[in-house]
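In what follows, a single structure is set out as structure tokens and then discussed.
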Amino acid sequence: MNALKTTFLLTALTLLLVLAGEYMGGTNGALIAFAIAAATNFFSYFYSDKIALAMYGAQPVTREQLPRAYEVVERLTAKAGIPMPKIYVIPTDSPNAFATGRNPKHASVAVTHGILGLLTDDELEGVLAHELGHVRNRDILTSSIAATLAGAITILARMAFWFGAFGGMGGGDRRDREGGGIGALLMLLLAPLAAMLIQLWVSRTREYEADASGAHLTGNPYALASALEKISATSRRVPLVASPTSAHLFIVQPLLSGQTFASLFSTHPPIEKRIERLIGRPSMLGNRQ
């Protein structure tokens, strides 16, 4: 299923670029766009994980630098029967984590400084097990490519707007320019929505699945539930500055500054629902205030 999703995303990117290229430059534009799409697909498949890590300034760490996380991940990967991923730390006080890579042999797990200081050992184990659940479930490639695709759609929309506003590659009379400008404006408005819909399609169910995988791997769903509750509460006070195109990668959706109607386009299920699936109630305390 995840291989099918990956194929769909790469095909969708190709079609979008070709159609946009034809819209802006006719046959020559379509051919140029196809070449760009081929290169983008190659780059997305092999380097989307590196883009995500670089976007948040993630730094690789050794066993000596972070023995607490290394020991947990080594134990969990041995139990799950998957290779040891690379470990990264993101220099921010906001608590969060994500996994990325094109397959279990080329996987990376990133945690923030904030999450290391916030969680107990059992809670950190639950979070790392969740991220390894993404790795074992093989949805890390789909998620990474979705981030790259969402960003590409947004850039494409802006390009279409400017080409349309100025009459496109081939010039044209005033009526053509006006029509092109209106079409490009619609693309500029609708493209972010399309990008968000891609993330919604990819992300919602996979978080539930990774929660279940992580709880099964540790045998302690209460630790993961407690971690989710702590991360959610703390990230409201110390929000992570994240790109909307990659927010779906994180274990808890970052609170993005200036993001209008964020709740309408949430890429994650509500924390209360996730906790309820883990322990049968929406909070570790039994009640939400």
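The values are calculated or read from the model by the stated rules, or taken from the named source; none is laboratory data. None of these values were measured; they are calculated from a predicted model. With ideal geometry, Cβ positions are generated from the backbone for all residues, glycine too; neighbour counts draw on all protein chains shown.
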Legend entry - Any hit, the stretch 32-40, residues being modelled with pLDDT under 70 and either closer than 17 Å to S246 by Cβ or among the hydroxyl-bearing types (S, T, Y) (or both): yes
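Condition first: crowded, with 24+ Cβ neighbours inside 10 Å and not in a helix (DSSP H, G or I). Now tell me which residues in the stretch 110-137 satisfy that. Show your work before the answer.
Step one: of the stretch 110-137, the residues crowded, with 24+ Cβ neighbours inside 10 Å are 110-112, 115, 125-135.
Residues satisfying the conditions are A110, V111, T112.
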Inset, instruction - Tally the residues that are of a type in the set (A, V, I, L, M, F, W, C) and part of a loop (DSSP other than H, G, I, E, B), restricting the search to the stretch 72-90. - result: 2
Inset, instruction - Determine the pairs where a residue that is under 19 Å from D49 (Cα atoms), located within the stretch 59-83, has a partner that is of a type outside the set (D, E, K, R) and modelled with pLDDT under 95 with Cβ atoms under 7 Å apart, the partner being 6 or more residues away or on another chain. - result: I82/P104; I82/V135; P83/P104
Inset, instruction - With the checklist (1) modelled with pLDDT of 75 or more; (2) more than 25 Å from A247 (Cα to Cα); (3) crowded, with 16+ Cβ neighbours inside 10 Å in hand, flag the one item A69 doesn't pass. - result: (2)
Legend entry - Any pair with Cβ under 7 angstrom, 6 or more apart, that starts in the stretch 269-280 at a residue that is in contact (Cβ under 8 Å) with a residue 60 or more places away in the chain and ends at one that is part of a helix (DSSP H, G or I) and surrounded by fewer than 17 Cβ atoms within 10 Å (Cβ to Cβ): P269/R204; P269/Y208; R274/Y208; R277/Y208
Inset, instruction - Quick one: in the stretch 254-289, of everything that is modelled with pLDDT under 90 and of a type in the set (G, A, S), which residue is surrounded by the fewest Cβ atoms within 10 Å (Cβ to Cβ)? - result: G258
Inset, instruction - Within the stretch 50-66, track down each residue that is in a helix (DSSP H, G or I) and either touching a strand residue (DSSP E or B) at 6+ places or on another chain (Cβ under 8 Å) or modelled with pLDDT of 95 or more (or both). - result: A52, L53
Inset, instruction - Take the residues in the stretch 91-106 that are buried (at least 22 other Cβ atoms within 10 Å of the Cβ) and outside any loop (DSSP other than H, G, I, E, B), then tell me which one is modelled with the lowest pLDDT. - result: G101
Inset, instruction - Kindly indicate whether L31 is assigned to a helix (DSSP H, G or I) and without any contact (Cβ under 8 Å) to a residue 12 or more places away in the chain. - result: yes
Inset, instruction - Could you list all residues from the stretch 48-84 that are under 18 Å from the mean Cα position of the chain (by Cα) and closer than 20 Å to H216 by Cβ? - result: none
